[in-house]
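For reference, the structure discussed in these notes is given below.
The values are calculated or read from the model by the stated rules, or taken from the named source; none is laboratory data. A quick note: this is a predicted structure, and the numbers were derived from the prediction, not measured. Virtual Cβ from ideal backbone geometry, glycine too; neighbours counted across all protein chains shown.
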Amino acid sequence: MESRPAETVAESPSALWRRIGGALGSLGGGIIEGEVQQVTVASSGHLYFTLSDGEATIRCIMWRSAAATLTDPPVQGRLIQARYTKIDHYAKSGTVSLICSAIRSAGEGELLQRVLDVRDRLRAEGLTEPEAKLSLSRFPRRVGLVTGRDSDAEADVIRALRDRFPPTRITVCHSLVQGVGAVNDLIEALATVAAVPDVDVIILARGGGSVEDLLPFSDEALCRAISALGTPVITSIGHTRQRPNCDEVASAAAEVPARAAEHAVPSAAELLALVDRMASDAGGYAAANVGDASARVELAAMRPAGQAALVARASRIDLARQSLRHAAELATGAVRERVAAGAVALQRSLSDLPRASSLDVPRERLAAATAAVQHGLALRTAALTAAEDLIRARDWRERGFALVHLPDGTLLRDGTALSAGQTVAIQMKGATLDATIAAIHPDPTEGDT
């Protein structure tokens with residue numbers, strides 16, 4: 001048998017409760033605030049209710065004499081403050097109760113001041129600054145939605161997402177959106193959606209409500225959770241004049257749930273119009289640049305006047321050819337990449353859903369726009385090839401001209417620097433000749449253009 005210290009004396013439950021009662025009695029009275037739950041009016045006229053802050057509850061009692069004076073009885077779900085005179089206990093059931101003498105609803109002004117106090121703390125830490133917020137993805141792979149079950153906000157957000165970008169994939173997680181348990185529930189729902197691998201943005205939405213109803217969305221714990229989440233959040237707490245604090249820390253905020261889609265996904269109609277416009281602009285711009293460059297090449301190739309002029313013009317022709325290629329790449333490269341990226345992203349998203357007649361027109365327009373861009377690029381390539389062939393056809397080697405260099409490689413542009421007996425290198429098609437100047441004869445056409 002286990003031995004016990006001699007001074008240990010067993011105590012009965014009633015004896016323990018007497019000691020507990022004495023300790024509770026020494027605590028005196030005070031004021032408590034919480035959400036009303038489980039309201040009961042006994043036949044005796046006594047009023048029983050519980051108050052909760054989402055983490056703990058406590059039983060409250062108003063005796064008949066105090067309850068009879070109430071002009072605004074407690075209603076389940078309302079946030080109230082209760083004045084209690086003492087903390088009582090009932091040993092037979094093992095319960096503790098507050099004996100209340102008066103209650104009042106938490107005033108709207110007081111609640112708004114709490115919201116402002118939290119906002120001041122968030123701003124002081126820099127959590128509301130733009131650089132502290134995550135940027136939104138242009139083409140999110142999946143949109144997460146945290147909202148109340150079967151709410152108007154849920155229907156509005158989903159409808160707006162489908163209307164704006166039909167292939168949008170959506171993951172919905174329902175949560176409490178008011179009451180003392182809402183804050184923890186919202187934080188858990190946000191974490192659950194953020195854990196989905198391809199969710200790139202989360203919409204937190206609810207419709208309107210009173211200051212008290214919307215209080216969870218200004219809660220400091222929720223705001224800090226949004227700021228630390230790692231996935232950008234778009235808040236849309238609609239139909240309220242007072243912006244909740246979650247709007248301050250979110251990556252974007254919409255006035256009503258239906259407009260959250262404008263921040264979350266691109267417009268399919270605008271994308272298709274942009275593809276059409278870029279395809280048309282790219283083809284026209286490339287054709288105009290190729291035609292202008294070809295004309296300059298043609299003119300430059302037909303106007304050599306003597307060996308030095310031909311060499312200079314040959315250099316300019318080479319530069320023109322390089323500039324033409326570079327200009328064409330600049331004119332069409334970025335456009336081609338943007339069109340291709342947009343087309344691939346849109347086509348991939350479209351392929352994720354079953355083919356629907358409502359998507360046939362966008363698919364056909366996208367295919368036609370892509371074909372137009374490819375056709376324009378093919379025309380540009382053919383024109384560049386023709387221009388290069390023209391340059392090669394008029395190359396000084398093909399036309400029987402030669403380049404004369406001094407032994408150190410200096411290109412001679414005229415004969416004034418030469419003297420009889422001097423060694424030069426003559427570069428012509430197929431070979432380079434080392435030669436010695438036997439005699440120099442002045443050019444009778446010097447000065448002609």
Got a number for residues in the stretch 103-136 being among the charged types (D, E, K, R), outside any helix (DSSP H, G or I) and surrounded by fewer than 16 Cβ atoms within 10 Å (Cβ to Cβ)? 3
Please find, among Ile87, Ile80, the residue that is of a type in the set (Val, Ile, Thr) and modelled with pLDDT under 90. Ile80
Which one of Glu220, Glu248 is crowded, with 20+ Cβ neighbours inside 10 Å and either within 17 Å of the chain's Cα centre (by Cα) or of a type in the set (Asp, Glu) (or both)? Glu248
Residue hits (the stretch 137-165; assigned to a loop (DSSP other than H, G, I, E, B) and in contact with a helix residue (DSSP H, G or I) (Cβ under 6 Å, 6 or more places away or on another chain)) are Phe139, Phe165
Can you tell which of Ser105, Ser135 is farther than 20 Å from Ile234 by Cβ and not basic (Lys, Arg)? Ser105
Among strands (runs of 3 or more DSSP E) entirely within the stretch 1-64, at least 1 residues that are surrounded by 11 or more Cβ atoms within 10 Å (Cβ to Cβ) and at pLDDT below 90 occur in 30-41, 47-52
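Residues Ala182, Ala260, Ala160: which one is touching a residue at least 24 places away in the same chain (Cβ under 8 Å), in the same structural domain as Thr147 (by TED's automatic domain parsing) and touching a strand residue (DSSP E or B) at 6+ places or on another chain (Cβ under 7 Å)?
Working: Ala182 fails: touching a strand residue (DSSP E or B) at 6+ places or on another chain (Cβ under 7 Å); Ala160 fails: touching a strand residue (DSSP E or B) at 6+ places or on another chain (Cβ under 7 Å).
Just one listed residue meets the conditions, Ala260.
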As an exercise: evaluate Leu204 against (1) part of a strand (DSSP E or B); (2) touching a residue at least 60 places away in the same chain (Cβ under 8 Å); (3) touching a Phe, Trp or Tyr at 6+ places or on another chain (Cβ under 9 Å) and give the number of the one condition it does not meet. (2)
Scan the helices (runs of 4 or more DSSP H) fully inside the stretch 215-301 and keep the ones with 3 or more residues being among the small types (Gly, Ala, Ser) and at pLDDT below 95. 268-301
When the stretch 166-193 is checked residue by residue, the ones that are surrounded by fewer than 18 Cβ atoms within 10 Å (Cβ to Cβ) and under 23 Å from the mean Cα position of the chain (by Cα) are Pro166, Arg169, Ile170, Thr171, Val172, His174, Glu188, Ala191, Thr192
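Which count do you get for residues in the stretch 65-82 that are over 23 Å from Gly179 (Cβ atoms) and surrounded by 16 or more Cβ atoms within 10 Å (Cβ to Cβ)?
Total satisfying the criteria: 2.
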For the stretch 152-168, indicate whether the set of residues that are over 23 Å from Pro244 (Cα atoms) and either touching a Cys at 6+ places or on another chain (Cβ under 8 Å) or at pLDDT below 90 (or both) is non-empty. no
Output yes when any residue across the stretch 85-94 is outside any strand (DSSP E or B) and surrounded by 15 or more Cβ atoms within 10 Å (Cβ to Cβ), and no when none is. no
Residue hits (the stretch 148-159; within 12 Å of Ile203 (Cα to Cα) and hydrophobic (A, V, I, L, M, F, W, C)) are Ala153, Val157, Ile158
